[in-house]
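What follows is a short report on a single structure.
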Amino acid sequence: MGTSKQVAVVVGASRGIGRQVAIDLARNGYAVVIAAKSTSDASKVVPFPPDPNSPQSTISTVEREIREAGGEATAIPVDTRDFESVKKMVDGTVNVYGRLDVLVYNSGAIWWSSIEGTPMKRFQLMQRVNPEGLYGTIQAALPHFKNNNWKGRIIVVSPPIYSRFFRGKTAYAMGKVGMSVLTKGLAMDFERQGHTDMAVTSIWPAVSIQSGATRDPSYRSDLRKPTIYSDAILAMIRAPTSMVNGQLELDEDFLRKTGATDFSKYSVVPGSNPRRIMPAKMPDLIVAEQDDEGRRMDSNATRASRM
């Protein structure tokens, strides 16, 4: 089929933040692949569109929303716990559109509790969906970015690394911080290999975002609309590689870097002043010996020498 548009894959796009990101990418001229587990017969959904934070919102309904608004979209189901499913989704994107330019990994499993209060099965689910799912999706996507002359953007939904994030949700934090480590490490790979048109960036909300996880009405005045997230992601995609590669950003703070000053339009309750949930300043992870690695070991080269 192919397309003249740039192509974006949004993993975890059936509802909430992911849905909004997919819709706004389409509004800004991207052909969008909406990927997640949930599918439905979108033609039978009445009224339409469904509540974007409800189970009635699926990749099928998001595809219909985008197409009915004049955009270009394809829904491809994926189970991020299954690498074969991930590869099928990424390869399917290129089979349909002929290219891959932007990858957004929004898929996530969540359980906030103490270590004692986090069952092993819940811990394993979070690790498989969060860091393992991200790793597999990037592994599947890199050959296609290579075919695109190493031009593209990868956006990861994961946090800055700081101590308070671990409190009361250690099992969850282990996986999400691991995703941020992947962002840092992959960015270093791109730099070392000279891929100056590739960038990977993490994004996290400065203020809680309205979603299926924040449906308690008593919190409405402390919530922002998911459009702040999609606006920040669009700004990241448009930014120079040097500004975003390897950065662990907050949505509001990154938008401020691009000149935004008024965030009132994002408040769910007009006139409210939502509480910031993230620190004002993050620790610097760079050490003085950053560039002094000594002799770099590559396990692939070591293995080849033994064969």
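Each reported figure results from applying straightforward, stated rules to the coordinates on display, with no laboratory input. Every value quoted in this text rests on a predicted model; they were computed, and no experiment measured them. Backbone-built Cβ (ideal geometry, glycine too); neighbour counts: all protein chains shown.
Below, the figures for the structure above:
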item	result
Identity of the residue in the stretch 10-30, touching a Leu at 6+ places or on another chain (Cβ under 9 Å) and either among the basic types (Lys, Arg) or under 13 Å from Glu72 (Cβ atoms) (or both), that ends up surrounded by the most Cβ atoms within 10 Å (Cβ to Cβ)	Leu25
Residues satisfying the stated conditions in the stretch 126-168, i.e. of a type in the set (A, V, I, L, M, F, W, C), out of contact with any Asp or Glu (no Cβ under 8 Å at 6 or more places or on another chain) and in contact (Cβ under 8 Å) with a residue 24 or more places away in the chain	Met126, Val129, Leu134, Ile138, Ala141, Phe145, Ile154, Ile155, Val156, Val157, Ile161
Checking Met236 against (1) without any contact (Cβ under 8 Å) to a residue 12 or more places away in the chain; (2) part of a helix (DSSP H, G or I), the condition it does not meet	(1)
Selected residue (only one of Gly108, Gly98 is under 30 Å from Arg122 (Cα atoms) and touching a residue at least 60 places away in the same chain (Cβ under 8 Å))	Gly108
Residue selected from the stretch 57-80 under the condition crowded, with 22+ Cβ neighbours inside 10 Å and touching a residue at least 60 places away in the same chain (Cβ under 8 Å), by the criterion farthest from Asp91 (Cα to Cα)	Thr80
Criterion violated by Thr118 - all others in (1) assigned to a loop (DSSP other than H, G, I, E, B); (2) surrounded by 19 or more Cβ atoms within 10 Å (Cβ to Cβ); (3) touching a helix residue (DSSP H, G or I) at 6+ places or on another chain (Cβ under 6 Å) satisfied	(2)
Hits in the stretch 186-220 - residues which are in contact (Cβ under 8 Å) with a residue 12 or more places away in the chain, outside any loop (DSSP other than H, G, I, E, B) and out of contact with any strand residue (DSSP E or B) (no Cβ under 8 Å at 6 or more places or on another chain)	Met188, Glu191, Gly212, Ala213, Arg220
Complete set of residues in the stretch 98-134 that are in contact with a Phe, Trp or Tyr (Cβ under 9 Å, 6 or more places away or on another chain) and among the aromatic types (Phe, Trp, Tyr)	Trp111, Trp112, Phe123
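Per-residue answers, yes or no, for (1) in contact (Cβ under 8 Å) with a residue 60 or more places away in the chain; (2) of a type in the set (A, V, I, L, M, F, W, C); (3) assigned to a helix (DSSP H, G or I):
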| position | (1), (2), (3) |
| --- | --- |
| Ala260 | no, yes, no |
| Lys265 | no, no, yes |
| Ser272 | no, no, no |
| Pro283 | yes, no, no |
| Ala288 | no, yes, no |
| Asp292 | no, no, no |
